[in-house]
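Data first, discussion second: the structure below is written as structure tokens.
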């Protein structure tokens, strides 16, 4: 299978730089589609890392693109009421004519994320179960049929309209590198999108996703194996490396090398990035979500050219 390549819009970076305008973000998504990117992605956070609200922004992207998948990398469903969330996503899926991919996660165990959950009135400790049940309820509502639900939320014969463009709803990919997240991906969801493994680790951990699918009586070959990567391209490797470290420290408020110890990153030449992606593809990755370190137009073009050398 030829891997797909997606692009993460810099919503967080532009907010941090005091540039909240959405026009440049929409323009970048249009440029990505022109260059042949297969998907465009938006991150999520309420207060921990302020940025544009992802579903609203993707609605804007949907009206200006025609081919690319529109994804969240990653949405935190536990922060939202699932009935409201189901309605928002169904409308976005109709607007985009079935191009939505819902990347989801439970949120990192960090003080600012704890504070974000508290501000939203959501117990942090229950977030995994809340996410899983909430997304199951979303899927039930997306059918457009009456739903009876007796759990964290109470639905009595509720019917959601509109239904999603696709009868089964958009595909849901779950993030997370811990074993429970991997098993959860195979058991309940449509794909796995981690942020940290090396190609060899990714291949080993993918076996947990497959095992989770088999245990649930599902066909693991239908699942998508994705990977979220941060890319700094420069023919001067030292400069690329320095820019990557500076970006990560600015973004997370922690030393770059510390972040790189648990996030997969690349810093180097355009020819090297082709080899970097090819190694993940050989391990089984079928969809890449790429976050660029500044100069997005240049990075979009450089990775598109590198992709061409791979015949993807």
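Each reported figure results from applying straightforward, stated rules to the coordinates on display, with no laboratory input. This is a predicted model, so every value here is computed, not measured. Glycine gets a Cβ as well: all are built from the backbone with ideal geometry, and neighbour counts include every protein chain shown.
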Given Cα pairs under 8 Å that are at least 6 residues apart, what percent is the relative contact order of the range 1-128?
23 percent
Using only Cα atoms and rounding to the nearest 10 degrees, what angle (0 to 90) does helix 82-95 make with the longest principal axis of the chain?
60 degrees
Cα shape, the range 1-105, gyration tensor, a/c 1.5 rule:
oblate
Treat the count of other C-beta atoms within 10 Å as a stand-in for reagent exposure and order 66, 187 from fewest to most.
66, 187
I'd like to know how the range 167-280 sits against the 2.2 N^0.38 Å rule of thumb: what's its Cα Rg over that expected value?
1.22
As a footprinting exposure proxy, order 227, 16 by other Cβ within 10 Å, with the fewest listed first.
16, 227
Taking every DSSP beta bridge with both residues inside the range 4-310, roughly what % is antiparallel (nearest 5)?
10 percent
At q = 0.14, 0.15 1/Å the base-10 log of I(q)/I(0) from the Debye formula over the alpha-carbon atoms of the chain is -1.12, -1.31
Gain in length, residue 204 to residue 34, computed as 0.36 nm per residue apart minus the alpha-carbon separation, to one decimal in nm?
57.7 nm
By how many degrees, 0 to 90 and rounded to 10, does the Cα axis of helix 296-310 deviate from the longest principal axis of the chain?
90 degrees
Relative contact order [Cα under 8 Å, 6+ residues apart], the chain, whole percent
17 percent
Starting with the fewest neighbours, write out 309, 132, 22 ranked by other beta-carbon atoms found within 10 Å of each beta-carbon.
309, 22, 132
Chain lengthening between residue 237 and residue 168 when straightened (0.36 nm per residue, less Cα-Cα):
20.3 nm
Provide the gained length on full extension for the span residue 109 to residue 27, in nm with one decimal, where the gain is 0.36 nm per separating residue minus the Cα-Cα distance.
26.1 nm
Taking the chain and counting helices only, DSSP H stretches of n ≥ 4 at -39,500 (n - 2.57) each over all residues, the nearest-500 ellipticity at 222 nm comes to -14500 deg cm²/dmol
So how tilted is helix 199-215 from the main axis of the chain? Cα-based, degrees 0 to 90, rounded to 10.
10 degrees
In a Gaussian network model over the chain where Cα atoms closer than 10 Å are linked, find which of 223, 85, 110 has the largest mean-square fluctuation.
110
Semi-axes (Å, rounded, descending) of the ellipsoid equivalent to the range 91-178 per its C-alpha gyration tensor are 26, 17, 11
